[in-house]
Every structure is written in structure tokens, then in C-alpha cells.
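The block underneath contains the structure these notes are about, expressed in C-alpha cells.
The values are calculated or read from the model by the stated rules, or taken from the named source; none is laboratory data. Every value quoted in this text rests on a predicted model; they were computed, and no experiment measured them. Ideal geometry is used to build each Cβ from the backbone, glycine not excepted, and the neighbour counts take in all protein chains shown. The protein model used for the area step is the full one, side chains on, heavy atoms only, and it has no ligands, DNA or RNA in it. Shrake-Rupley method; radii C 1.70, N 1.55, O 1.52, S 1.80 Å.
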Amino acid sequence: MRAAEDAVVRLKAGLAGVGVKLPSLRIDPVSCAGEEPVPLVDLGRCTLDVALRLSAQLEAAAVHER
């Protein structure tokens, strides 16, 4: 569970560093239920503007890595 929490914190920080905020970003509580929890990171929902800014950042990173 701690690793999932750390992943969410790192992802929020990384996205913030490129000007993107996913307001619903969190650990999915249902995935943590049960005897053997397998935490999933829920990226949630965002506005069209945020989706376009995120895709632009990903496209720029992909071009940079080529």
C-alpha cells in the first residue's frame, strides 16, 4: 500500500512539473479491499483542456526520446 501511495505522490509531482493536474488522481479504494489487496492507481477524470495538455507533454517526450 505504501508503494502505491508513493507512486501517486510521485505522479502528481511529475505532472505538476509539466503543468498538468489530474484532480481525481488517487489510489482506487476497491482495489485495496479483500484479503490480498492489489492497489491500483486511479487516474480519474479530467477536463478536455487537461487531456490535451497531457497528450501534448507525452508527444513532446516521445519526440525527445527518439
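Select from the range 1-14 the residues that are more than 19 Å from Ala56 (Cα to Cα), open to solvent by 40 Å² or more (accessible area, probe 1.4 Å) and either in a helix (DSSP H, G or I) or modelled with pLDDT of 90 or more (or both) and list them in ascending order. Hits for the range 1-14 are Arg2, Ala3, Glu5, Asp6, Ala7, Val9, Arg10.
On the basis of being farther than 27 Å from Ala60 by Cα, small (Gly, Ala, Ser) and in contact with a strand residue (DSSP E or B) (Cβ under 9 Å, 6 or more places away or on another chain), does Ser24 make the cut? Taking the combined requirement at face value, the residue does not satisfy it. Against the test of being at negative phi and out of contact with any Pro (no Cβ under 9 Å at 6 or more places or on another chain), the options Ala3, Ala13, Ala7 yield a single qualifying residue, Ala13. For Leu54, the test of being under 13 Å from the mean Cα position of the chain (by Cα), open to solvent by less than 70 Å² (accessible area, probe 1.4 Å) and at pLDDT below 95 is passed.
Look through the range 15-51, keep the residues that are β-branched (Val, Ile, Thr) and under 17 Å from Glu5 (Cβ atoms), and return whichever of them is most open to solvent (accessible area, probe 1.4 Å). The extreme case among them is Val30.
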